[in-house]
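Asks: Dropping the structure in here first, questions after.
The values are calculated or read from the model by the stated rules, or taken from the named source; none is laboratory data. From a predicted model like this one, the values you see are computed outputs, not experimental measurements. Note that each Cβ is placed from the backbone with ideal geometry, even for glycine, and that neighbours are counted across all protein chains shown.
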């Protein structure tokens, strides 16, 4: 007996000779909102489908509520799934879509009517119950898909990239709705996405996956502030972190990293570093700022992208490109010289051999 | 000043150009689509109309003039056909055999097509190709061995011989059509039904079949047409007059009548074609309805 509600233990999966999951271990607490995030093909959707019972397990174990479900059919796992394509039954009205699972499970008619009414009222579908999915907008279809999951009163909600088919504005709205629904129901939720903004904004716990392995598990800001390895550092954050290879050099009581082009970047202290140690110097774009004085790093601006509330900038640092942000309005133009200040308290140092955080 | 003039002229020129382009586009569309379609409609409907008009003519009128419309239209030929001894039995035979040769192949091919479309098993593709073999081999080449086989089984001149051969001939065609339609139903919809607790039968009944309904109707129409129009097998495997179907009876009409009466031949033809036309029109509407209501979206 442990604290976890959903547990993956040494989970492996391969399609033919291609191995897609290499021993996944993960514990998900009851009522938490866990987001599996990673690039396409990292195995996150496969993991979700295995949890749902739609993909067989090669080896390892999945348990839900302390019950091993490896051989339990999908309908008996206590899960409900929302698909990327919504997967609504196109020939059935919204009401029939919502009630289908209850009808299949031979629920009493009054219970079906009550559940449909309840889900429709939570998701503002009451006026659309007689419509066919083809007569609904993208957002409404998404709500029906969620309603269909809701009526089953599952122990675990599974979402497979549910917002990918929506436009940017609707995506933000639905993101908030899903989060609000989770707060209301407090049901354990596993949510798959490749969108790091969704992962950061929605999750209690983010699971970053790559190439069939879990790279890091933690609270969104914890992962953002302390990425365990180069992959996580580069994957989370937009624009992504600057990762600059170099070697450690010690001066007169000071420490710095000398880049391959000879430029010195400051380090706050020596720490456990050795002289000449090869290192990757990571700094997020928001931790680099335009300096007012001329003491900073001399650079030439190469790209200025005003995004409204912030400006994305690219700079040339003796042949190396640096990305940084400014929340102030920037009047400079590409080609202008400038100076940069790096917030050395926010550095991330990585071992180039192992890719792990130092 | 000249700039102002240009500004005024441009919209007028633009309008003229756009209406010319519109006209050209419409003409091109008519040439590429409208004209071939019109030709096709004439090509298919004129023989039927011609037969219908000929069926309304007096027995000897057809020899006297080549006009399209009858001089004094009469239904005499139809009365003659309906009075032919055995005509009712032939219609019954045709309907019975067609109904069986539609329902049974549909049931078999729905199950087979679902398996081919959704389950991955060894030799799936080869099996599906083998399904086509009965359609590839010329039907005439099957007649002698089939006749031999059915004689040995004692099935000649029974409905069974027609059921077996018609069903065997319809299953491959409808299976191939349905595999395509079933494959086009998104896999996620079926997975969603699985999670919702539907077993294989319920998925097929409540999800797959309603979505692929236009495909089922298409397969049904083709089975009906095959069964209704079939000629080679019934000719080879049936000898008794009472076991004939309409196409066979039509074929033998010329010999059985003694006197050449083209009005009667054409009336018989029209009466043979009419039920099929009605079925076509009814089912075609159903297919269009189900597409319009979004069942296949």
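Residues are listed down the side, and each one gets a yes or a no for (1) in a helix (DSSP H, G or I); (2) free of Cβ contacts under 8 Å to residues at least 24 places away in the same chain; (3) over 22 Å from the mean Cα position of the chain (by Cα):
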{"residue": "A:207", "(1), (2), (3)": "no, no, no"}
{"residue": "A:216", "(1), (2), (3)": "no, yes, no"}
{"residue": "A:223", "(1), (2), (3)": "yes, yes, no"}
{"residue": "A:231", "(1), (2), (3)": "yes, no, no"}
{"residue": "A:252", "(1), (2), (3)": "no, yes, yes"}
{"residue": "A:272", "(1), (2), (3)": "no, no, yes"}
{"residue": "A:294", "(1), (2), (3)": "no, no, yes"}
{"residue": "A:300", "(1), (2), (3)": "no, no, yes"}
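Asks: Here's another thing I want to ask about it. Could you list all residues from the range B:184-204 that are within 7 Å of chain A (Cβ to nearest Cβ) and over 21 Å from residue A:76 (Cβ atoms)?
Replies: Scanning the range B:184-204 gives a single hit, B:186.
Asks: Would you check if residue A:17 is without any contact (Cβ under 8 Å) to a residue 24 or more places away in the chain and more than 22 Å from residue B:187 (Cα to Cα)?
Replies: Taking the combined requirement at face value, the residue satisfies it.
Asks: Name the helices (runs of 4 or more DSSP H) wholly within the range A:67-157 that hold at least 1 residues that are surrounded by 23 or more Cβ atoms within 10 Å (Cβ to Cβ) and within 13 Å of another protein chain (Cβ to nearest Cβ)?
Replies: It comes to A:94-104, A:138-150.
Asks: Another question, if that's okay. Looking only at the range A:290-322, count every residue that is closer than 21 Å to residue A:267 by Cα and buried (at least 18 other Cβ atoms within 10 Å of the Cβ) and tell me the total.
Replies: Number satisfying all stated conditions: 6.
Asks: Please verify whether residue A:24 is more than 14 Å from chain B (Cβ to nearest Cβ), part of a loop (DSSP other than H, G, I, E, B), in contact with a helix residue (DSSP H, G or I) (Cβ under 7 Å, 6 or more places away or on another chain) and farther than 23 Å from residue A:131 by Cα, treating the condition exactly as stated.
Replies: In short, no.
Asks: Another one. Quick test for you: out of B:149, B:153, B:127, pick the one residue that is in the same structural domain as residue B:189 (by TED's automatic domain parsing) and closer than 30 Å to residue B:184 by Cβ.
Replies: B:127
Asks: Is it true that residue B:145 is at pLDDT below 90 and away from every other protein chain (no Cβ under 14 Å)?
Replies: Answer is no for this residue.
Asks: Another question, then. Run down B:247, B:214 and say which single residue is touching a helix residue (DSSP H, G or I) at 6+ places or on another chain (Cβ under 9 Å) and at pLDDT 90 or above.
Replies: Exactly one of B:247, B:214 is touching a helix residue (DSSP H, G or I) at 6+ places or on another chain (Cβ under 9 Å) and at pLDDT 90 or above, namely B:247.
Asks: Could you grab me the full set of residues in the range A:33-63 that are part of a strand (DSSP E or B) and touching a helix residue (DSSP H, G or I) at 6+ places or on another chain (Cβ under 8 Å)?
Replies: A:33, A:35, A:36, A:37, A:62
Asks: Another question, if that's okay. Would you check if residue B:80 is in contact with a helix residue (DSSP H, G or I) (Cβ under 9 Å, 6 or more places away or on another chain) and in a loop (DSSP other than H, G, I, E, B)?
Replies: So residue B:80 fails the test.
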